[in-house]
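The values are calculated or read from the model by the stated rules, or taken from the named source; none is laboratory data. As the structure is a computational prediction, the values presented were derived from the model and not from experiment. Here Cβ is always computed from backbone atoms with ideal geometry, including for glycine, and neighbour counts include all displayed protein chains.
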Amino acid sequence: MQEKKGYIDFWILVVRFMHKLMNRIIILLCILMIAYGTYAMWDNNKTTIAASTKQYKIYKPRTDSHVSFDELIAKNNDVFAWLSIDGTAIDYPVVQGNNNSKYMKTNPLGEPSPSGAIFLDARNSKDFQDFNSIIYGHHMNKNAMFGQLHTFTQQEVFQKNATGSLFYKDTTYALDVVGILKADAYDMDVYQPAIKQDYKKAQYVDYLQSKAVHWRDTAIQTDDRILLLSTCSNDTTNGRYILVAKISDEIVHPSIGNQQIIDTKPTVKTNGHCLWIIVGIMMLIIIFVGVLLLWVSKHKKKEANKEDIDTNSDSL
């Protein structure tokens, strides 16, 4: 009988030890998850700030001087233009690399950065003499980079914001916003820059219009030049928002800043929001597992105590 009692006592000690150990593990995991979530939010915010247009405003070419812009080119000679869309925070230098990968994670200063840069397709000409030129940028939160393109799918925003400007070769040209469309990242009927043949140009415009959410009644001739601004969409897998603008021959003066539009609808989910959702789910799983283990350990302890009482009763 003493042997059985010793056996039960041993397992009671094991259960108590495991109970204390699991409590400490759960507390440690909770601390680690909170620390990770805090760091992730800090890092995401840091990336967003680094991508803000305010970081580059000092380099924007002015009517009276291009010295500041020349200073930026001296830092990175891949910089060659400046893009602005009125009514938005899109007000950035434009770069072009020898491929379409470099500036996905390199900023206009030539430094490594998750926010990347606004860059022209490597297949396009820097003088914007191609029929269709494509510019890419990340879709980021807080309106950074091309984070506001999705707002043009709203009728009110699209109607109110129809202009922009493009500076290159010491001259600023007007942009007329023609349409906003949704497409797939692998749709080669859209992502085919520098179209040459006139009949293909006409087909291209027709295809863009067929994919449009909104489209203005603006005539685009085969001798015109159009600009496509492309960014990611969270609506669908490999989805893209594309703002189409016509490059005008009208010369304009670059503005000091743009009055930003107000997004009246919920924004696309950002990495920061998704990160907190994941952290929250993991925390709930940890809490659930902790409660379950606590219940199991208490149940085992109760059964062990019951057997101990029964054993003591038998010995009496």
Problem set entry | Matching residues in segment 166-195 - criterion: being among the small types (Gly, Ala, Ser) and over 24 Å from the mean Cα position of the chain (by Cα) | 174, 194
Problem set entry | Scan of segment 57-77 for residues that are in a loop (DSSP other than H, G, I, E, B) and either at pLDDT below 90 or surrounded by 11 or more Cβ atoms within 10 Å (Cβ to Cβ) (or both), ordered by number | 60, 61, 62, 63, 64, 65, 66, 76
Problem set entry | Subset of segment 91-139 that is among the hydroxyl-bearing types (Ser, Thr, Tyr) and touching a strand residue (DSSP E or B) at 6+ places or on another chain (Cβ under 9 Å) - its residue that is surrounded by the fewest Cβ atoms within 10 Å (Cβ to Cβ) | 125
Exercise. Pick from segment 192-240 the residues that are assigned to a loop (DSSP other than H, G, I, E, B) and hydroxyl-bearing (Ser, Thr, Tyr): which of them is surrounded by the fewest Cβ atoms within 10 Å (Cβ to Cβ)?
Worked result: 237
Seminar exercise, completed: Within segment 177-209, residues being of a type outside the set (Lys, Arg) and within 20 Å of residue 150 (Cβ to Cβ) number 14
Problem set entry | So residue 86, is it over 19 Å from the mean Cα position of the chain (by Cα), within 13 Å of residue 247 (Cβ to Cβ), buried (at least 19 other Cβ atoms within 10 Å of the Cβ) and charged (D, E, K, R) | no
For this session: Within segment 84-97, work out how many residues are aliphatic (A, V, I, L, M) and not in a strand (DSSP E or B).
Result: 2
